[in-house]
1. Order by neighbour count: Val193, Val179, Val104, fewest other Cβ atoms within 10 Å first, most last.
2. Tabulate in residue order the Karplus-calculated ³J(HN,Hα) for region 107-122, using 6.51 cos²θ - 1.76 cosθ + 1.60 with θ = phi - 60°, rounded to whole Hz; enter x for Gly and Pro.
3. Counting Lys and Arg as +1 and Asp and Glu as -1, what is the net charge of the other residues whose Cβ lies under 9 Å from the Cβ of Ala96?
4. Using R₀ = 45 Å, calculate the FRET efficiency as 1/(1 + (r/R₀)^6) where r is the Cβ-Cβ separation of Tyr281 and Lys183; round to 0.05.
5. I need the phi-derived Karplus couplings for region 169-180: 6.51 cos²θ - 1.76 cosθ + 1.60, θ = phi - 60°, integer Hz, Gly and Pro marked x.
6. For Ile143, Ile127, what ranking results if the residue with the fewest other Cβ atoms within 10 Å of its Cβ goes first?
7. Starting from one equal scatterer on each C-alpha and no solvent at all, send me the Debye-based log10 I(q)/I(0) for region 226-285 at q = 0.27 Å⁻¹, two decimals.
Amino acid sequence: MLTDENNRDRLEAIAKDIETKHANAVLHIATRLAEARDIFRYLRDEGGFSGWIETRLHYSRSTVYNLLSIYDRFGGEENLSKRLDTFPASILYLLAAPSTPPDVREEIITRAEAGEPVTVAEVKTAIAKRKPEPRPKHPKWDINPAAAALFANEDQVHAFAGVVNLKTVRKFVTFDQQVDLAKQLTEGNIRAVHYQGWVGQWLRQAGKLQGRIDAAERDDFYKQFPGYEIRHEVAKTKSAGREFAASLHKLETLWKKFPHNPFFGELGSTLDYVIGVIRQYRRAAGEHSADEIERKLSKVQEFERKIQTLEITVTELRRENEELRAGAKQEGGAR
């Protein structure tokens, strides 16, 4: 009869066996997923790697990328099994996480290789102790003191701070640039209640100016390296072509459902315009093949129509000729 101690030992052995097999399965799956990811670098079917894992494997992206992080962190399956097959999957995920300090990772692996049991709680504690202290949050109003000193009262300071701490404004106005912005507000005698609207208009104008600067720099770059402009325009055309084709397919489906809907409007003239532009490009670029084929096909069809007309005419003439001959014979016999 087994004692309680024997039962506990047996249960521990079962648990370790399950953990080892689970860890080995995780490592094997991680290696196979890495292989599939490499294949999809050259293959765009099935929605790419992300689409494949969802439609074929029914895995969530988070699960797959957690597994891939294990492979990317520790290497191939053989190396993984030698070092990490004693860990449950939860510890593997923790060790492979990018946020885990490297020294903690090595410490846990070293302990496991020495035969020392390691629990999930111990790994989490070790990671928490080594992580850097979180940076203190900014005060309610993160404002440059030099900018704050330019305003006449607290209401203006608070209004200005509320504007420059908006997410949209922080993207474009740096901590140092707040001083120049504050000068423009105070020198222009802008009321505090109008700060947000004024700054919004200022950002739009600055954005337009930056856009013109970017366009000028891009033009200069294209003059030096014209091949890049061609490449960019070809890429834009391909992208627009795919979207245009997708829209036409969708419209085709909608037309079958609602053939007389007035919203289809002037679509035909738009398509004629697009076709005309395409033909104009082909003529300018020397690509006449498509137009030539169309013209040849049109001529062939015209010739076929003429042949059919001639054949009908010949048939009618023959019939008339036969009728005349038959009539002449009858008249000769009667005489």
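Here, each number is a calculation from the coordinates, and none is a lab measurement. Keep in mind it's a predicted model, so treat the numbers as computed, not measured. Every residue, glycine among them, receives a Cβ derived from its backbone with ideal geometry; neighbour counts consider all protein chains shown.
1. Details: Val193 9, Val179 15, Val104 19.
Ranked by crowding around the Cβ, least crowded first: Val193, Val179, Val104.
2. So the J values, rounded to whole Hz, are 5, 5, 5, 4, 4, 5, 5, 7, x, 7, x, 10, 9, 4, 4, 5.
3. On the way: positive: Arg73, Arg105; negative: Asp72.
Combined, the nearby Lys, Arg, Asp and Glu give +1.
4. On the way: r = 52 Å, r/R0 = 1.14.
With R0 = 45 Å, the Cβ-Cβ based efficiency is 0.30.
5. So the J values, rounded to whole Hz, are 6, 4, 5, 10, 10, 6, 4, 6, 6, 4, 5, 4.
6. Values: Ile143 22, Ile127 18.
Starting with the residue having the fewest Cβ neighbours, the order is Ile127, Ile143.
7. -1.18
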